[in-house]
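Novice: First the structure, which I've put down as structure tokens, then a few questions once you've had a look.
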Amino acid sequence: MQVSDRNRESRSIAVLALVCAVLQLALAPNVGLGNGRANFALVFSACVALQSGGRRGVVAGFLAGLFFDLSTTGPIGLMAFCLSTSSFALGLEERNRMAGDLASATAHFAVASLAVSLAYHLAMLLVGQADSLLDVLVFRTLPTAALTFVFFLPFDYYFSRVHVPSGPSLGGGHFSRRGV
């Protein structure tokens, strides 16, 4: 007998938010590569956008970006804007893109990570918190995108292989149109 748990997705998002918030505050400032730090707010917003898409992804991106902005010395609202935009782009299809498709979700996140890191650090250059364009591109953008990508991989694996999506399903899995 299958029981539909309507609050399962909300609980998993709340747990994901808590884990990413703790990692953003405790781990990200202590693990760096060059001047780059991992962005767990991006990891959270991308996981929600790739899982749920739509409005939920954009709202999660905005709130995660606001949390990031309030916990760093950057301009308030910059990361909120970047994460809202990236969550919108990642969640355009409004389907669970992470369910069983590790490569697709990973590729989409890699592009989003590089774009968000570049936009954020270029804006930081414009407000005077970076030294030069070389510093922004080589010592901040690339290390931030790489570290964020590396820390996204366990979340991606969990949501694509371990976490079974909720909702009605026939046969216990998702359907594929391969071979048609």
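Novice: Report the local net charge at Phe109: Lys and Arg +1, Asp and Glu -1, summed over other residues whose C-beta lies under 11 Å from its C-beta.
Specialist: Working: positive: Arg97; negative: Asp156.
Here the count lands on 0.
Novice: Another question, then. If you place +1 on the Cβ of every Lys and Arg, -1 on the Cβ of every Asp and Glu, and leave all else neutral, what size is the dipole of the range 2-161 about its Cα centre, to the nearest 20 Debye?
Specialist: Values: 10 positive and 9 negative charges, 72 e Å.
Charge dipole of the range 2-161: 340 debye, to the nearest 20.
Novice: Given the DSSP H assignment, sum -39500 (n - 2.57) over each helix run of at least 4 residues in the chain and divide by its residue total; what's the result at 222 nm in deg cm²/dmol, nearest 500? Please report the intermediate quantities before stating the final value.
Specialist: Numbers: 6 runs with 103 residues, N = 180.
Dividing the helical sum by the residues of the chain leaves -19000 deg cm²/dmol.
Novice: Can you tell me, using C-alpha contacts under 8 Å and at least 6 residues apart, the relative contact order of the chain as a whole percent?
Specialist: On the way: 252 pairs, mean separation 45.2, N = 180.
Normalised by residue count, the contact order of the chain is 25 percent.
Novice: Pick out, from Val136, Gly32, Gln51, the residue whose Cα sits farthest towards the positive end of the charge dipole of the range 2-161, with +1 on the Cβ of Lys and Arg and -1 on the Cβ of Asp and Glu.
Specialist: Gln51
Novice: Please return the longest stretch of the chain lacking exposed loop sites, where trypsin sites (Lys or Arg not before Pro) count only if DSSP places them in a loop and at most 16 other Cβ atoms lie within 10 Å. Walk me through the intermediate numbers first.
Specialist: Details: sites that count: Arg6, Arg95, Arg177, Arg178.
My reading of the result: 7-94 is the longest stretch.
Novice: If you add up the charges near Phe139, with Lys and Arg at +1 and Asp and Glu at -1, over every other residue whose beta carbon is less than 12 angstrom from its beta carbon, what do you get? Please list the in-between numbers first.
Specialist: On the way: positive: Arg37, Arg140; negative: Asp131, Asp135.
Computed value for this residue: 0.
Novice: Using a simple charge model, +1 on the beta-carbon of Lys and Arg, -1 on the beta-carbon of Asp and Glu, nothing else, what dipole does the range 1-97 show about its Cα centre, in debye to the nearest 20?
Specialist: Working: 8 positive and 5 negative charges, 32 e Å.
The calculated dipole for the range 1-97 is roughly 160 debye.
Novice: Taking amide H positions as placed in the peptide plane 1.01 Å from N, state which residues far from Arg37 in sequence (5 or more) or on other chains have amide H under 5 Å from it.
Specialist: Thr144
Novice: Looking at the square roots a ≥ b ≥ c of the eigenvalues of the Cα gyration tensor of the range 1-91, which shape do they give, rounded for a/c under 1.5, prolate if a/b is larger than b/c, or oblate? Write down the numbers at each step before the final one.
Specialist: Values: a/c = 2.46, a/b = 1.64, b/c = 1.50.
It comes out prolate by the Cα gyration axes.
Novice: GNM, the chain, Cα, under 10 Å: largest mean-square fluctuation among Asn96, Asn30, Asn39?
Specialist: Maximum fluctuation in the GNM of the chain, among the listed residues, is at Asn30.
Novice: Only one of the values (i) 10, 38, 33, 13, 5, 1, 0; (ii) 9, 33, 28, 10, 8, 6, 3, 1, 0; (iii) 9, 37, 38, 13, 2, 0 was calculated from this structure for P(r) over Cα pairs in 10 Å bins from 0, in percent; name its label.
Specialist: (i)
Read the figures in this text as sums done on the coordinates, not as results from a lab. In this text, all values refer to a predicted model and were calculated from it rather than measured experimentally. Every residue, glycine among them, receives a Cβ derived from its backbone with ideal geometry; neighbour counts consider all protein chains shown.
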